[in-house]
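The values are calculated or read from the model by the stated rules, or taken from the named source; none is laboratory data. Worth saying up front: this structure is predicted, and the values here are computed from it rather than measured. Cβ coordinates were reconstructed from backbone atoms using ideal geometry, including for glycine residues, and neighbour counts include every protein chain displayed. Keep in mind that these areas ignore ligands, DNA and RNA; they rest on the heavy atoms of the full protein, side chains included. Shrake-Rupley method; radii C 1.70, N 1.55, O 1.52, S 1.80 Å.
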Amino acid sequence: DEEFNELCFEFGLELDEVTSEKDIISKEKGEEKAKGASDTVLYKIDVPANRYDLLCLEGLVRGLQVFKERINLPRYEKIIPAQGEGQRLIITEETVQVRPHAVAAVLRNITFTKERYDSFIDLQEKLHQNICRRRALVAIGTHDLDTISGPFTFTAKAPSEIKFKPLNQSQEYTASQIMDLYRTDSHLRHYLHLIENKPLYPVIYDSKGVVLSMPPIINGDHTKISVNTRNVFVECTGTDITKAKIVLDIIVTMFSEYCEKPFSVEAAEVVYPNGKTHIYPELAYRKEKVKPELINKKIGISETPSSLAKLLTRMCLKSHVIGNGNNIEIEIPPTRADIIHACDIVEDAAIAYGYNNIQMTIPKTYTIANQLPLNKLTELLRLDVAAAGFTEALTFALCSQEDIADKLGMDISATKAVRIANPKTAEFQVARTTLLPGLLKTIAANRKMPLPLKLFEISDVVVKDPNTDVGARNYRHFCAVYYNKSPGFEIIHGLLDRVMQLLEVPPNEENGYTIKATEGSAFFPGRCAEIFAKGQSVGKLGVLHPDVITKFELTMPCSALEINIEPFM
């Protein structure tokens, strides 16, 4: 295990843990539930999100074997069948509104075992979650080619017109019934929304009208593959043609290893609505040139061009030196869609060289770090407010609209709050414009604590500001609350005086601070004051209105203070 852990680290991966199904279940659900689960050792390996070629055992083992120089990188080859003998997928123009793109290929004379078959299904699932964005961009379908006959048609029809027997079901359903059937399915219900509200649903037929699949929801039961399947028809439909090509390339390169002629894929022809045709999979190899000195400089090493080429070859990027050592020519295989820029190649060279082997050097530029003045002021204040007997709280920067508007007796439009377009929960709809609700919620969660409760927070609030490049601005606020059987206005007022004393702002009108009576929607009438300092209003203090207190599920009087500390820098 230790050796494997080291190998993973050298290859730029992380062996997360060595566990078993039994361990996982007992951790999550207790030992009772884990009885009878498998004890087989499982390796949990963290793979970077850009390396789709390492998402299955086949690709991972191949990558590690090449890295250890035990095998040479295989050459993936596309076999184009004789005229009229290959498989064709015809796309009709009805698909344009729903899922306009489709690509296809055939894995011919493949030999599955239970392990290979499980890995094949598992890779599709991992790709669906990752590059396919939960099937929104691409959906993969794999079918037993011997149960169907081409050419295949990818079209879109009204839900009532589509009728077939879905995978692992016992009877036929229409598309509308299938949607209702899977609404409660823990796995498939997450994909229904992708086509649910569309007038037409995408569907793939063979030449005899057999339904292969209704992407991105479910395949037909008729074409399902099993361990005994010999010829697999792979189709990927989607809204993003680039991602569809990558997904098809990954699936066929990973599993063509088990074909009768290893690493060979039979091409299929896709016919577009405008009559044009294209052969897939592309399996495109391309060459890039990178200067050795660039690689050395970026990583901070001094290797010869030939040894850099060797390092890159170990990372599945076949390389050799050209032009008297001035350039390295690198061949990017179809499995490496993540190589977009020279820096991706440099990164792979660094991984092969070994991050731990790069010598640490002191930078040639001499710079002294300095704390941001606002943060320095914040740190100093936090210390002294805590010394004044208040407890610091740290609350969420996001809150619900009610917290900053309705509960404080304000209208949401008056708060200038920044809204989140797609909030996951009602608790996190807007960015806070005041720190007060967070502290009141903290008190509500700690009602069992002995009184008085004295809390404070110094954090950022966010308000809309059309004059900034991002349309919003942060302000550093200081907020304190006192919660007891009596309102304790004098305690909050005393804290204000102490804070001003620390900031060296005298209590006078000319160049200091003053407080003037005012009204605030969150405060008790006649018990609210505005704080003026440095010639501007910096905040308010006062006794909170009983309505505000009850809306936050509190029962005692409470006084509060909130100021913007940025003018005191």
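Please give the number of the condition residue 199 fails out of (1) open to solvent by 10 Å² or more (accessible area, probe 1.4 Å); (2) within 28 Å of residue 229 (Cα to Cα).
Failing condition for residue 199: (2).
Whether any residue in the stretch 92-104 is part of a helix (DSSP H, G or I), of a type in the set (S, T, N, Q) and in the same structural domain as residue 159 (by the TED database) is what I want to check.
At the first step, the residues of the stretch 92-104 found to be part of a helix (DSSP H, G or I) are 93-97.
Imposing the further condition that a residue be of a type in the set (S, T, N, Q) reduces the set to 95, 97.
This time we only want the ones that are in the same structural domain as residue 159 (by the TED database), so: 95, 97.
Yes, there is a match, as at least one residue in the stretch 92-104 is part of a helix (DSSP H, G or I), of a type in the set (S, T, N, Q) and in the same structural domain as residue 159 (by the TED database).
Is it the case, given these coordinates, that residue 394 is open to solvent by 60 Å² or more (accessible area, probe 1.4 Å), in the same structural domain as residue 522 (by the TED database), under 17 Å from residue 552 (Cβ atoms) and assigned to a loop (DSSP other than H, G, I, E, B)?
So residue 394 fails the test.
Tell me, please, whether a residue that is closer than 17 Å to residue 51 by Cα, touching a Ser or Thr at 6+ places or on another chain (Cβ under 9 Å) and touching a residue at least 12 places away in the same chain (Cβ under 8 Å) can be found in the stretch 295-302.
There is no residue in the stretch 295-302 that is closer than 17 Å to residue 51 by Cα, touching a Ser or Thr at 6+ places or on another chain (Cβ under 9 Å) and touching a residue at least 12 places away in the same chain (Cβ under 8 Å).
Take residue 185 and decide whether it is open to solvent by 20 Å² or more (accessible area, probe 1.4 Å), assigned to a loop (DSSP other than H, G, I, E, B) and free of Cβ contacts under 8 Å to residues at least 40 places away in the same chain.
So residue 185 fits the description; yes.
In the set 246, 250, which member is open to solvent by 30 Å² or more (accessible area, probe 1.4 Å), in contact (Cβ under 8 Å) with a residue 60 or more places away in the chain, closer than 25 Å to residue 150 by Cβ and of a type outside the set (Asp, Glu)?
On the way: 250 fails: open to solvent by 30 Å² or more (accessible area, probe 1.4 Å).
Matching residue, one of 246, 250: 246.
Which ones in the stretch 203-230 are touching a helix residue (DSSP H, G or I) at 6+ places or on another chain (Cβ under 7 Å) and either outside any strand (DSSP E or B) or at pLDDT 95 or above (or both)? Can you show your working first?
Initially, the stretch 203-230 is screened for residues touching a helix residue (DSSP H, G or I) at 6+ places or on another chain (Cβ under 7 Å), giving 214, 216-218, 222-223, 227, 230.
Scanning the stretch 203-230 gives 216, 217, 222, 223, 227, 230.
Quick one: in the stretch 97-114, of everything that is within 15 Å of residue 244 (Cβ to Cβ) and either among the acidic types (Asp, Glu) or out of contact with any helix residue (DSSP H, G or I) (no Cβ under 6 Å at 6 or more places or on another chain) (or both), which residue is most open to solvent (accessible area, probe 1.4 Å)?
My answer is 100.
Somewhere in the stretch 64-78, is a residue free of Cβ contacts under 8 Å to residues at least 12 places away in the same chain, open to solvent by 40 Å² or more (accessible area, probe 1.4 Å) and either assigned to a helix (DSSP H, G or I) or closer than 16 Å to residue 154 by Cβ (or both)?
Within the stretch 64-78, one or more residues are free of Cβ contacts under 8 Å to residues at least 12 places away in the same chain, open to solvent by 40 Å² or more (accessible area, probe 1.4 Å) and either assigned to a helix (DSSP H, G or I) or closer than 16 Å to residue 154 by Cβ (or both).
Report, by residue number, each residue of the stretch 339-379 that is part of a loop (DSSP other than H, G, I, E, B) and either under 30 Å from the mean Cα position of the chain (by Cα) or under 17 Å from residue 302 (Cα atoms) (or both).
Let us first name the residues in the stretch 339-379 that are part of a loop (DSSP other than H, G, I, E, B), namely 339-341, 354, 358-372.
The answer is 339, 340, 341, 354, 358, 359, 360, 361, 362, 363.
Exactly one condition in (1) open to solvent by less than 30 Å² (accessible area, probe 1.4 Å); (2) closer than 30 Å to residue 398 by Cβ is false for residue 505; which is it?
Going through (1) open to solvent by less than 30 Å² (accessible area, probe 1.4 Å); (2) closer than 30 Å to residue 398 by Cβ one by one, residue 505 breaks only (2).
Among the candidates 444, 426, 421, which residue alone is hydrophobic (A, V, I, L, M, F, W, C) and either open to solvent by less than 20 Å² (accessible area, probe 1.4 Å) or part of a helix (DSSP H, G or I) (or both)?
444
Among (1) in a helix (DSSP H, G or I); (2) more than 30 Å from residue 376 (Cα to Cα); (3) of a type outside the set (D, E, K, R), there is one condition residue 501 misses while meeting the rest; what is its number?
(2)
Just checking, how many residues over the stretch 25-47 are open to solvent by less than 70 Å² (accessible area, probe 1.4 Å) and either at pLDDT 90 or above or charged (D, E, K, R) (or both)?
Residues flagged as open to solvent by less than 70 Å² (accessible area, probe 1.4 Å) and either at pLDDT 90 or above or charged (D, E, K, R) (or both) within the stretch 25-47 amount to 2.
Can you find even one residue in the stretch 308-322 that is open to solvent by 30 Å² or more (accessible area, probe 1.4 Å) and assigned to a loop (DSSP other than H, G, I, E, B)? Spell out the reasoning first.
Quick first cut of the stretch 308-322, residues open to solvent by 30 Å² or more (accessible area, probe 1.4 Å) only: 310, 313-314, 318, 320-322.
Applying the additional criterion that residues be assigned to a loop (DSSP other than H, G, I, E, B) yields none.
No, that holds for no residue.
Is there a residue being over 22 Å from residue 375 (Cα atoms), of a type in the set (A, V, I, L, M), open to solvent by 30 Å² or more (accessible area, probe 1.4 Å) and assigned to a loop (DSSP other than H, G, I, E, B) anywhere in the stretch 554-562?
Looking for residues that are over 22 Å from residue 375 (Cα atoms), of a type in the set (A, V, I, L, M), open to solvent by 30 Å² or more (accessible area, probe 1.4 Å) and assigned to a loop (DSSP other than H, G, I, E, B), one finds at least one in the stretch 554-562, hence yes.
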